[in-house]
Structure formats: C-alpha cells, structure tokens
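Trainee: This is the structure, below, for whatever I ask next.
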Amino acid sequence: MSTKNSIQVLRMFQKYCLARREHRPGSGLFFWCLSLVPYLVPSLVFLLLSGFTFSACAAELAAGVARVDLTPPLEMKAALGGYGERMSRPAEGVHDRIFAKATVLSDGQRRFALLTADILGFPPGFKPALLERLAGGDWAAEQILLLPSHSHTSIEMNAIHPRNLFGNKQIGQFDKKLFEWTLDRCAKVISEAASTRVPVSIGTSGQTIDGWNRNRRQRGGITDRGLTVTRIDRLSGKPLAVWVNFTAHPTFMSAAEMLFSAGWPGHLQRRLEALIGREVTVMYYNGAEGDQAPVGRSGAGESRWEAAEQYGTELAKVAHAQWSTTSTGYDILFDFGLQPIDLPANRWHADFMKTGGDEYGLSEKLLEKMLPLLFPRQTTSGSLRLGDLLIVGVPGELQAALGLEIKTRAQKFSAARHPAIGGLANEWISYILSAEQYQRGGYEASVSFYGPTLGQSIVEGALAGVEKLKK
Ligand SMILES: [Zn+2]
C-alpha cells in the first residue's frame, strides 16, 4: 500500500464526512458523529495496517496563499498606466480594487512562489529590488515567478521603473513612493503565503474555447484559445487556490476611463471565487497576448466598464465548470528554473515614429539615450513544472503564434499535458514578434525594441529552460 493510496483513502473519508455534513445540516452534531463510526473505524484500521504515518505528508507538496490590496491610496496620486495619451495623469478614483496574490509551493526541500498581480507589467529592475526586499527570507531569482494580468487601468509600469528618469509624461515618470509601496506589498504577499503552508493535492485541466479572443493584427489570424485551470486543494478537499490562464489583452477600457480597475481579469477572479466559495483564492495569469484582443460578449451594456464585467463574469462560469471536473493528485512532479537569454542589440522599428513614437512622444535622439537604460542586455525565462502543468514564462508581450510554437515543442519533450505561457513574466522587455510580423510593421512592431530576431531568441531561450526541467 503506497503513501499515495493511503492518502487517497483518507481523502475519500474526509470527502464523505464533508458530504454528510452538507447533506444533513440539521441532524445535530451527535448523530452526525455517530453516523461516521461505521466508516471511521475500518478506515483507521486500513490506514494503520498500510503503514500510513502523518509524517509521510512531508514528502508531498504543501502550499500557502495570500493576497494584498495593491490599489494605491488616491492621495498618492499614482499615475494610471496603459495608454500614453493619459499623460501620467493620476487615477481619479477606484472602480474595483486591484490585488497582488501569491501561492508558495514547497516539497520540503525547495520552495517556489508564483505571484500574480492586477497590474500592466513589471519593468526590468523591479524583481531584483523585490529579491533585495525579501533578503533574509532565502529567496533566489529562480524561486519567484511574477505574472501580471496586463490591466490597462492600473499602476503605470514605467512609474515603477527605477531607471526611468527622463521626465516624459507619455511613457510614465518614475515615482519613488509608488515604487516602494508596490515593492513592499509584493514582498509582503510572498512572505505571508510562505508562512501559511498546508499539505495539498494539485491538478490541472485544459480546454479550447471559441469566440473569446481574436487576433488584433490580422483579421482571422492565429489565436490561442486555451483555457488552463489549476486546482490546489487542501487534503480535506477544501479548495485553497485556483490558477486560471487565458490569453487576451485587458483592454475594454480606453484612455478616457480614469479609475483603477483590474479589468476583466478582476471580474473573472472575483466571480470564480464567489462561485467556488469556501475562501478560495483565484489567481489569473495572461498568456502570449501580444496580438490577442478580447471579444466582448453580446448584450454587455453601453459602457466599457460593463463590457469588461460581463466578459470576466461569463469567463468565470466557463472556468468554474472546468474547475469542477478537474481531478487532483498528491505525488506530482515539481520543478522550476530560470533560463538566462542573451538579447539582440537594441533598435527601434522604422514605423516607430508613426505609431509608438507618436503615442509615447519620443524622438530618435531621445531613444538612443533611453533604450540602453530602460531595456536590459540579458533577460530570463522562468518556468514551473507542476504535475501536468508546465508554465513557460516569457518576459514581454509575445505573439500568440510563437506562444503556440513554444507550447507544442515543450509538450513534445516534457510530456506535460497542459503547457501554458506565462505572459509578461518577471519583466516587460517589449512586444515579441516573429521576424515576419516584425517586418510587417504596425503598432506592436513599433513597440518592439530588439529587432526582427527577438522572437526566435525568446522562443529558443524559453525552450532551453524547459529542457532542463525534470520530466
Ligand atoms: Zn499590451
């Protein structure tokens, strides 16, 4: 009798207990306890005979979750990010609150933190500062994966870029107070999640859903329709956390909407938490969303706020149905890594002045100075293997076709049933396109700062990282 089977017997018993409690709420504690005896005795005898000990759980995975409110107080006058034309104006209020959430996983030897945040992106320099803030907690860069939702009504990314000291309102201005505030909260959520770990069972499922996203660069172009749901339950069966991956820009709101909001991913998380109940924490991460736009639901109402709400809440229903049928296991593969990737030389696209340059108010002269300061020479791809789930992090806004290429190739040599792209992982280095799409030009190409070979560098680098993970 293996430990795994013993735990499964225990879990069946716990599930039975919960079911009895739920189905007979008015029958009184005494009779409820009495009704369990015929099941409890044989279960305990069986577990004892099979050599089950509670210390056996130490070899299984444990997880802790936490959340912090990341909405900057209005008196901080934090710039609202997402569109250059907002000219770094501060948010005028709060439509719905934005959060940072963390799950910390541990197998008793090593631990790993996944942090998601309702935020546009993390600039280069943020994660190293976070590691410093966590100093003393024994965290290394490969143990942390930051995944922002890419909300366009949230903290301005360049306002928390410590090297962005150019005073350009269109790209955002460094705001030290806001930087420290965001950093503190992200450190806090990781530390809190790390301090509350319980043994868990974990499972992932995936499906493709039609009509929820479209390729915004090419009508009828490639879309990534994958919806990936990861279920993390306590041994009692009580849900602890759910991770949801779906690929689309949170861009229902335009530059005219000036309130903090987590956009449709915020509604997705809130509604799914309500549907599952039992204090579960839902965490959303985006995919290769570089050219993916959301497709609004019909009858969503007049305002952009309503469109975002309807999209998020309806997607939550789809995710809930999927979550309900997701099975979990105990003895699962757990590995992670961080692959360094050398980047091609910095350059800007010929279209830059027509599109991105116009939006961001930049001249070529200024760019020559800015690019080496704002964009790194080397980046990373962080990845996580968790049973059937494989998250491959990409440090920016990857074109969906390249995301699908990574998924297909990674699945072949890792045998992970559910590969997912973690978009904008750890840091935002720009849009990431294939050479063909880069040459084609347009908005995304003009906000891509490493030339036509960037896409291939990231794909090969990310896959090299996956190859090093345990299979
Ligand atoms: Zn974007």
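Trainee: What lysines does Lys238 reach when the alpha-carbon gap must be under 17 Å and sequence neighbours fewer than 8 apart in one chain are set aside?
Mentor: Lys15
Trainee: What is the order of His249, His320, fewest Cβ neighbours within 10 Å to most?
Mentor: His320, His249
Trainee: While we're looking at this one, here's another question. Output the DSSP H helices from the chain with an along-axis C-alpha extent of no less than 15 Å and a mean Kyte-Doolittle hydropathy no less than 0.5.
Mentor: Helices meeting the span and hydropathy rule in the chain are 29-49, 454-467.
Trainee: For a Förster distance of 51 Å, can you work out the FRET efficiency between the beta-carbons of Glu436 and Ala135, rounded to the nearest 0.05?
Mentor: Efficiency, rounded to the nearest 0.05: 0.70.
Trainee: Could you sort out which of Lys127/Lys369; Lys177/Lys365; Lys77/Lys127; Lys101/Lys127; Lys101/Lys471; Lys127/Lys365 sit more than 18 Å apart by Cα distance in this structure?
Mentor: Beyond 18 Å: Lys127/Lys369; Lys177/Lys365; Lys77/Lys127; Lys101/Lys471; Lys127/Lys365.
Trainee: Which of the peptides 231-242, 369-380 is most tightly packed, and how do the rest follow, judged by the mean count of other Cβ atoms within 10 Å per residue?
Mentor: Answer by packing, highest mean first, reads 231-242, 369-380.
Trainee: Taking amide hydrogens as modeled 1.01 Å from N in the peptide plane, which residues meet the under 5 Å criterion relative to Thr71, leaving out close sequence neighbours?
Mentor: HN-HN under 5 Å from Thr71: Ile98.
Trainee: Any chance you could run the full-extension gain for Lys169 through Ser324? It's 0.36 nm times the residue separation minus the Cα-Cα distance, nm to one decimal.
Mentor: 51.2 nm
Trainee: Leaving out same-chain residues fewer than 8 places away, which aspartates and glutamates sit with a Cα under 14 Å from that of Lys317?
Mentor: Here the aspartates and glutamates satisfying the reach criterion relative to Lys317 are Glu273, Glu309.
Any read-out appearing in this document is the output of simple, stated calculations on the displayed coordinates, not a laboratory observation. Given the structure is predicted, the values throughout are model-derived calculations rather than measurements. Quick reminder, even Gly has a Cβ in these numbers, built from the backbone with ideal geometry, and neighbours come from all protein chains shown.
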